[in-house]
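The values are calculated or read from the model by the stated rules, or taken from the named source; none is laboratory data. Nothing here was measured: the structure is a model prediction, and the numbers come from that model. Neighbour counts are summed over all protein chains in view; Cβ atoms, including those assigned to glycine, are modelled from backbone coordinates with ideal geometry. Quick note on the areas: whole protein, heavy atoms, side chains included, nothing else; ligands and nucleic acids left out. Shrake-Rupley method; radii C 1.70, N 1.55, O 1.52, S 1.80 Å.
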Amino acid sequence: MNLKPHYRIVLIYLILGMSWIFFSDLVVEQLFRDKASLIIAQSIKGWFFIIITGLLLFFLIRKDVNARQEVNLKLVESYDQTISGWVHVMDLRHRETKDHTQRVTKMTVELAKLSGIREAEKLKCIERGAMLHDIGKIGIPDSILIKPGKLDEKEWVTMKTHPQIAYDILSKIVFLKPSVDIPFFHHERWDGTGYPKGMKGKEIPITARFFAVIDVWDALIHPRVYKSAWPEEKVLEHIRAQSETHFDPDVVTLFLDNYKQIKESSQVS
C-alpha cells in the first residue's frame, strides 16, 4: 500500500500511540500497586511518550521533506536544462559567436559577485536572466535579426520590441519571473536614452546595468554578421568613454578595475 506522506505519518503515529498506551498501562499495573507510585509511573510514562513520539515525528517528517527537496532539485535542474536548450537554439538562429551566451552569463555573475552580491538565489536569478537576455528575439524576423548591414528605421523599430517580447514570455512563467530584469532592461541607458522604457540612472535595475557593460564588451570584441571584431584596447576605451552616458559609472569602474578576473571567469570549456 503506497500511502501519501501525511497519511503514512498519521497512521504510524496512531499505531505507535495506541500500542504504547495499551502495553505501557499493562506494565505499570503489574509493577505498581499503590496510588502514589501509579501517579508517578503514569507521569513518567507520559513524558516518555512525548519524547519518543516527538523524535519519531521529527525523523518521519525530515525524511519526507528531504525526499521532496530532492525531487524539487531535480525539477529545477530539468528547468535549467530546458533554458540551456532554448539558449542554444537562439544562438544558432542569431548566428552568435561560439559560446556567446555562456560567456556573457559567467562574466555577469562574476561582476555581480565583485559588487558584493553573495546570496546563491540572487546569483542564480542573475545567471538565468543573463542566459535569457535575448529570448525576446524569438519574435524578430530573420530578415532583421541576421541582416548583414545596418537596420533601416522601420527594421530598428521592430528590433527594439524584443525586450517587451522577452517580458511577455518570462513574466508569465513563475519560475523565471524573478529573472526578467536583464532581458527586459539591458538596453536601457544611464542617461535615459535607452529602450524600452527610457529609464535613467539608478531607476534601471542593477542587474541590467551589470549586463549592459558585459553585453557591449562581448558584442564589440567578437565578430558579428554586421561587423568585424574590435581590438581589445579600443573596446575598453569605448566602455570607459560611455561611462555616465550609456553605462553606470560605478559599474564601469568595477568592470575595468577587475577586468582580468572577470575575463578569466568567462573561459568556456
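Details
- Filtering region 1-24 to residues that are exposed (fewer than 13 other Cβ atoms within 10 Å of the Cβ), in a helix (DSSP H, G or I) and not aliphatic (A, V, I, L, M) leaves 6, 7, 19, 22, 23.
- Near pairs, Cβ below 6 angstrom, 6+ apart or cross-chain, from region 44-58 (farther than 16 Å from residue 15 by Cβ and of a type in the set (Lys, Arg)) to any residue that is open to solvent by less than 50 Å² (accessible area, probe 1.4 Å) and part of a helix (DSSP H, G or I): 45/24
- Residue 90 satisfies every condition listed in (1) modelled with pLDDT of 75 or more; (2) closer than 30 Å to residue 142 by Cα except (1).
- Matching residues in region 26-42 - criterion: being in contact (Cβ under 8 Å) with a residue 12 or more places away in the chain and open to solvent by less than 50 Å² (accessible area, probe 1.4 Å): 28, 41
- Residue 70 being in a helix (DSSP H, G or I) and at pLDDT 80 or above: yes
- Test for residue 79: is it in contact (Cβ under 8 Å) with a residue 60 or more places away in the chain, out of contact with any Asp or Glu (no Cβ under 9 Å at 6 or more places or on another chain) and open to solvent by 80 Å² or more (accessible area, probe 1.4 Å): yes
- Test: residue in region 225-236 that is under 26 Å from the mean Cα position of the chain (by Cα) and not small (Gly, Ala, Ser): no
- The residue pairs whose first member lies in region 142-155 and is closer than 19 Å to residue 90 by Cβ and touching a residue at least 60 places away in the same chain (Cβ under 8 Å), whose second member is open to solvent by 80 Å² or more (accessible area, probe 1.4 Å) and basic (Lys, Arg), and whose beta carbons are closer than 6 Å, counting only pairs six or more residues apart or on different chains, are 146/95.
- For residue 45: the one exception among (1) surrounded by fewer than 11 Cβ atoms within 10 Å (Cβ to Cβ); (2) farther than 30 Å from residue 166 by Cβ; (3) at pLDDT below 80; (4) not hydroxyl-bearing (Ser, Thr, Tyr): (1)
- Unique match (being assigned to a helix (DSSP H, G or I), within 17 Å of the chain's Cα centre (by Cα) and of a type in the set (Ser, Thr, Tyr)) among 37, 78: 78
- Restricting region 109-139 to residues that are without any contact (Cβ under 8 Å) to a residue 24 or more places away in the chain and outside any helix (DSSP H, G or I) leaves a set whose member that is nearest to the chain's Cα centre (by Cα) is 119.
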